[in-house]
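See structure below.
The values are calculated or read from the model by the stated rules, or taken from the named source; none is laboratory data. These numbers come from a predicted model, not from an experiment. Every residue, glycine among them, receives a Cβ derived from its backbone with ideal geometry; neighbour counts consider all protein chains shown.
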(Lines give C-alpha, C1' and ligand atoms only; values in the text may rest on other atoms or scores of the structure.)
Protein backbone atom coordinates (compact mmCIF):
# COMPACT_ATOMS: atom_id res chain seq x y z
CA UNK A 1 0.00 0.00 0.00
CA UNK A 2 1.16 3.49 -0.81
CA UNK A 3 2.46 5.26 2.34
CA UNK A 4 0.56 8.47 1.49
CA UNK A 5 -2.73 6.59 1.28
CA UNK A 6 -1.98 4.86 4.57
CA UNK A 7 -1.24 8.19 6.29
CA UNK A 8 -4.44 9.72 4.89
CA UNK A 9 -6.50 6.70 5.97
CA UNK A 10 -5.07 6.75 9.50
CA UNK A 11 -5.63 10.51 9.74
CA UNK A 12 -9.26 10.21 8.64
CA UNK A 13 -9.78 7.35 11.10
CA UNK A 14 -8.33 9.40 13.96
CA UNK A 15 -10.45 12.44 13.13
CA UNK A 16 -13.62 10.36 12.98
CA UNK A 17 -12.69 8.62 16.24
CA UNK A 18 -12.21 11.97 17.99
CA UNK A 19 -15.56 13.27 16.71
CA UNK A 20 -17.34 10.10 17.87
CA UNK A 21 -15.62 10.23 21.27
CA UNK A 22 -16.64 13.87 21.77
CA UNK A 23 -20.23 13.09 20.82
CA UNK A 24 -20.35 10.18 23.28
CA UNK A 25 -18.81 12.39 25.96
CA UNK A 26 -21.45 15.07 25.36
CA UNK A 27 -24.14 12.39 25.31
CA UNK A 28 -22.89 10.94 28.60
CA UNK A 29 -22.88 14.38 30.23
CA UNK A 30 -26.41 14.93 28.97
CA UNK A 31 -27.41 11.53 30.41
CA UNK A 32 -26.28 12.66 33.87
CA UNK A 33 -28.70 15.57 33.52
CA UNK A 34 -31.49 13.29 32.20
CA UNK A 35 -31.17 10.71 34.99
CA UNK A 36 -31.15 13.54 37.54
CA UNK A 37 -34.36 14.92 36.06
CA UNK A 38 -35.93 11.44 36.06
CA UNK A 39 -34.91 10.90 39.70
CA UNK A 40 -36.37 14.27 40.65
CA UNK A 41 -39.60 13.59 38.75
CA UNK A 42 -40.28 9.97 39.72
CA UNK A 43 -38.32 9.40 42.95
CA UNK A 44 -37.12 6.02 44.17
CA UNK A 45 -38.24 2.48 43.36
CA UNK A 46 -39.27 3.40 39.80
CA UNK A 47 -36.19 2.24 37.88
CA UNK A 48 -37.88 0.91 34.74
CA UNK A 49 -40.11 3.95 34.47
CA UNK A 50 -37.11 6.27 34.83
CA UNK A 51 -35.14 4.26 32.23
CA UNK A 52 -38.03 4.55 29.77
CA UNK A 53 -38.33 8.28 30.48
CA UNK A 54 -34.59 8.85 29.93
CA UNK A 55 -34.68 6.78 26.74
CA UNK A 56 -37.60 8.82 25.40
CA UNK A 57 -35.74 12.05 26.22
CA UNK A 58 -32.62 10.70 24.48
CA UNK A 59 -34.51 9.77 21.32
CA UNK A 60 -35.96 13.27 21.26
CA UNK A 61 -32.67 15.08 21.95
CA UNK A 62 -30.29 12.80 20.00
CA UNK A 63 -32.39 10.98 17.40
CA UNK A 64 -29.47 9.60 15.38
CA UNK A 65 -27.28 8.62 18.32
CA UNK A 66 -30.11 7.05 20.28
CA UNK A 67 -31.18 4.98 17.27
CA UNK A 68 -27.69 3.79 16.34
CA UNK A 69 -26.53 2.40 19.67
CA UNK A 70 -27.94 -0.86 21.01
CA UNK A 71 -30.37 -0.57 23.93
CA UNK A 72 -28.06 -2.69 26.11
CA UNK A 73 -25.27 -0.15 25.55
CA UNK A 74 -27.71 2.67 26.30
CA UNK A 75 -28.62 0.95 29.60
CA UNK A 76 -24.91 0.64 30.44
CA UNK A 77 -24.43 4.36 29.76
CA UNK A 78 -27.45 5.18 31.95
CA UNK A 79 -25.95 3.07 34.75
CA UNK A 80 -22.70 4.97 34.36
CA UNK A 81 -24.56 8.29 34.50
CA UNK A 82 -26.36 7.10 37.64
CA UNK A 83 -23.01 6.50 39.33
CA UNK A 84 -21.99 10.07 38.51
CA UNK A 85 -25.34 11.43 39.72
CA UNK A 86 -25.14 9.51 43.00
CA UNK A 87 -21.63 10.87 43.53
CA UNK A 88 -22.92 14.40 42.97
CA UNK A 89 -25.75 13.80 45.44
CA UNK A 90 -23.36 12.41 48.05
CA UNK A 91 -20.82 15.21 47.59
CA UNK A 92 -23.12 18.22 47.42
CA UNK A 93 -26.06 18.82 49.76
CA UNK A 94 -27.51 21.52 47.49
CA UNK A 95 -27.70 19.07 44.59
CA UNK A 96 -29.14 16.46 46.92
CA UNK A 97 -31.85 18.88 48.05
CA UNK A 98 -32.79 19.63 44.44
CA UNK A 99 -32.91 16.04 43.24
CA UNK A 100 -34.23 14.43 46.41
CA UNK A 101 -36.08 17.06 48.45
CA UNK A 102 -36.81 15.88 51.97
CA UNK A 103 -40.27 17.46 52.14
CA UNK A 104 -41.96 16.18 48.97
CA UNK A 105 -45.60 17.10 48.79
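For segment 8-23, state whether one or more residues are in contact (Cβ under 8 Å) with a residue 12 or more places away in the chain and under 18 Å from the mean Cα position of the chain (by Cα). Yes, the conditions are met somewhere in segment 8-23. Of all residues in segment 47-83, those being in a helix (DSSP H, G or I) and loosely packed, with under 15 Cβ neighbours inside 10 Å number 20. In a residue-by-residue description of segment 14-32, the property of being under 14 Å from residue 99 (Cβ atoms) and either modelled with pLDDT of 85 or more or in a helix (DSSP H, G or I) (or both) applies to at least one position. Within segment 84-95, residues that are under 17 Å from residue 35 (Cα atoms) reach partners that are not in a helix (DSSP H, G or I) with beta carbons closer than 7 Å, at six or more positions or on different chains, in the pairs 89/100.
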